[in-house]
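The values are calculated or read from the model by the stated rules, or taken from the named source; none is laboratory data. No experiment lies behind these values; they were computed from the predicted model shown. Here the Cβ positions follow ideal geometry from the backbone for every residue, glycine too, while neighbour counts run over all protein chains shown. Protein only, heavy atoms only, side chains kept; ligands, DNA and RNA dropped before computing areas. Shrake-Rupley method; radii C 1.70, N 1.55, O 1.52, S 1.80 Å.
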Amino acid sequence: MSQHDSVSQLSAAIVWQLERKVSRWLPKTFFHTLLLAGGFVVVLPFMWMITTSLKPLKLTYSPPYLFPTHFEWHNYVIAWKAAPFLRFYLNTTIMAVSIVTGQLILCSMAAYAFARLKFPGRDLLFLVFLGTMMVPFHVTLIPSYLIVKWLGWIDTYQALIMPRLVSAFGIFLLRQYFLTIPTELDEAALLDGCSRLGVLWRIILPLSQPALSALAIFSFLFAWNDFLWPLIVTNDPLMRTIQLGLAMFQGKYGTRWTYLMAGTVTATIPAIIVFLIGQKRFIEGIALTGLKG
Amino acid sequence: MSSGSPVAKTTIEHRGRGSREWLFPLLLLLPAVGLMLALYAYPFVSSIYRSFLVKGEGAVTLANYAKARQLYLRDILFSLEVSLLSTTIAAVLSIALAAYLRMATGRIAKMVGAVYRLPIFIPFVVVAQMMNTFLAPHGLLNVFLAQLHLIDLKAPLQLFNWKGLTFSFVWKQAAFMTLIVLSGFKMIDDSYIEAARSLGARLPRVIVSILIPMSLASISVAVILAFTSIMGTFTLPYMIIAGEPTTVTVDIAHRVTYFGDYGVANALGTITYLMVSFAAIYYLRYTVRKSIYEVQEG
């Protein structure tokens, strides 16, 4: 073989190797670029929210920018003092904690009945529960308001809490999880003289912590972020929740975005903390319930 | 079926005699059923019933539906189109993202895994406020695109319409959908994916032939919950859409606030439910087809 042939073979091999590398790396790079662009789009409004909350008021309407160049921490103090936020936090905490507690108790009881007990009409009743999961909130909004008004609950915690104490989604989530727990455990406990309620309390619930965590986080996020229902059933400013507080704040200042965003950042923090604390169990709970494949 | 299997017979026949047999399930269900009947089922039935009543008249008529059709047909179709489009885009994005997070390892995957969840925590009302300025003619998005020389700020993108609304819905819902779809993907055994890969299947093929078919239930739940949520959202279209057409939820609020017209508002609500119920029926049929009880009872 001549030297020329060897060189051309070598260069062909190098070109082939390069082409292979490029054909492998090009889609990967393209995909990663796409992902980063997507991630950027997700982060962009969030970053904007934080940046705006730290801007000086006079720069509110200046051309927008992404990274904070000023750090007006005082905006947070002004936002906090602009409305009775302590009261709003208290109201929202009472509402969210009551809803979470209520849902954990009532949904586990109902889910246990659907998962473990046989009684006439069980399947039909469960399907009816599932059906209510799909009803958009605004469909029942007006009659629900009329009932709450008829009960004299306007401007009370009952109005904020009671309609949210049970959720079809919660019952569904827990029922699916309970079904994954082997019945032999129940039977062994029953043989040992444990009551049915004891089985639920001592066997099923301790083994269902991931699903209970998932439900707790879901219901907390929903309650904490709820806007429309508290808006409708409260008129007294002292009964309002954080989300309504932000809206009131908006009106009071003719939308001073810096303060509004400072309030918004503050209102989002508890939800993020709750999720970070329970995220591992939350994902486990979602993965092991009926939402799996 | 073996005792360790998650689908082992999991329903125990309630042991008891006579009336006591009924008592325990009844006691367990009573609070939930009572609350659901009083604060959910009754309002729902009442809403449908009231949609057939005209103010000041006792007779049951279709007048509210005729009026709703005459005044809001365009908005009804607009709501359906935006909801379908947003759900479809969010579903495609969430499946792609979930597949990536299921298969990829490394720093970028971890970072993406942490970032994508952010919109879950932000309530619709805050998303609406954010998007209201973010998508404005001289908002951050337009300025950013202008700096990349993709648009001219003298003729900025007009996004206070279906485009901005769809963007906002996708931004908010894709994260939640990804969470549910990813949980489904995580339940798939690695051996299936490795087997496909060893036979030469590339990522798109693995997604289409393994991940999606084996996670149809979680994808369906994610799609239906997102669709229902989008159809029922008020604050986002209220704050983003300038002019017409707008969504049914805004029309309901408008009808009640300015006209006190509960009849047409209820008719619009019922029409929305009918649109959503197609998704509900599909889901219920799917659940029934999977024989929710028979399968578990083995």
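Taking each residue of B:175-187 in turn, how many C-beta atoms of other protein chains fall within 10 Å of its C-beta, and what is the average?
Details: counts 1, 1, 0, 0, 6, 4, 2, 3, 12, 5, 3, 7, 5.
Going residue by residue through B:175-187 and averaging, the value is 4.
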_A:86, B:141, B:30, B:135, reordered so the largest accessible area comes first (probe 1.4 Å)_ = A:86, B:30, B:141, B:135
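Which whole number gives the average count of other chain Cβ atoms within 10 Å of the Cβ atoms across peptide B:217-226?
Average per residue, whole number: 3.
Note the buried accessible area between A and B here, summed over both chains, with a 1.4 Å probe, in Å² to the nearest 100. Each step should come with its number before you reach the end.
Details: alone 17620 and 18980 Å², together 27880 Å².
Roughly 8700 Å² of accessible surface disappears when A and B pair.
What dipole magnitude, in Debye to the nearest 20, does chain B give about its Cα centre under +1 on Lys/Arg Cβ and -1 on Asp/Glu Cβ? Please report the intermediate quantities before stating the final value.
On the way: 24 positive and 14 negative charges, 83 e Å.
That gives chain B a dipole magnitude of about 400 debye.
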*asked:* Let me confirm one metric for peptide B:96-108, namely the mean number of other chain beta-carbon atoms within 10 Å of its residues' beta-carbons.
replied: 2
*To the nearest 10 Å², what's residue B:52's accessible area with a 1.4 Å probe?*
60 Å²
*Number of Lys pairs (Cα under 27 Å; 8 or more positions apart or on different chains) in the stretch B:49-181*: 4
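Rounded to the nearest 20 debye, what is the charge dipole size of the protein assembly as shown about its Cα centre when +1 sits on each Lys and Arg Cβ and -1 on each Asp and Glu Cβ? Walk me through the numbers before you get to the answer.
Numbers: 46 positive and 26 negative charges, 85 e Å.
My answer is approximately 400 debye.
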*Of A:210, A:279, A:86, whose Cα points farthest to the positive end of the dipole of the stretch A:76-288 (charges on the beta-carbon: +1 Lys, Arg; -1 Asp, Glu; origin at the Cα centre)?*
A:86
*asked:* Restricting to DSSP loop positions (anything but H, G, I, E, B) with no more than 11 other Cβ atoms inside 10 Å of their own Cβ, which trypsin sites (Lys or Arg not before Pro) remain in the stretch B:92-155?
replied: B:154
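How would A:257, A:229, A:153, A:16 line up by accessible area, probe 1.4 Å, largest first?
Working: A:257 25, A:229 5, A:153 50, A:16 140 Å².
Greatest to least solvent exposure: A:16, A:153, A:257, A:229.
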_chain A - mean residue ellipticity at 222 nm from DSSP helices (-39,500 (n - 2.57) per run, n ≥ 4, rounded to 500)_ = -24000 deg cm²/dmol
*Based on DSSP H assignment, which helices of chain A show an axial Cα extent of at least 27 Å together with a mean Kyte-Doolittle hydropathy greater than or equal to 0.0?*
A:3-53, A:85-116, A:257-288
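Which loop trypsin sites (Lys or Arg not before Pro) in the stretch B:49-85, with loop taken from DSSP, have no more than 13 other Cβ atoms within 10 angstrom of their Cβ?
Values: sites: B:50, B:55, B:67, B:69, B:74; in loops: B:55.
For trypsin sites (Lys or Arg not before Pro) across the stretch B:49-85 that sit outside H, G, I, E and B with at most 13 neighbouring Cβ atoms in 10 Å, the list reads B:55.
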*Under 10 Å, Cβ to Cβ, from residue A:78 - net charge with Lys/Arg +1 and Asp/Glu -1*: +1
*Work from the charge dipole of the protein assembly as shown (Cβ charges, +1 for Lys and Arg, -1 for Asp and Glu, about the Cα centre) and give the residue of A:246, B:134, A:59 farthest towards its positive end.*
A:59
_chain A - charge dipole about Cα centre, Lys and Arg +1 at Cβ, Asp and Glu -1, debye rounded to 20_ = 460 debye
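Going through the DSSP H helices of chain B, which span 30 Å or more along their own axis at the Cα atoms while scoring at least -0.5 as a mean Kyte-Doolittle hydropathy?
Numbers: long enough: B:63-103 (55 Å, 0.86); B:162-186 (34 Å, 0.81); B:262-289 (38 Å, 0.79).
Helices meeting the span and hydropathy rule in chain B are B:63-103, B:162-186, B:262-289.
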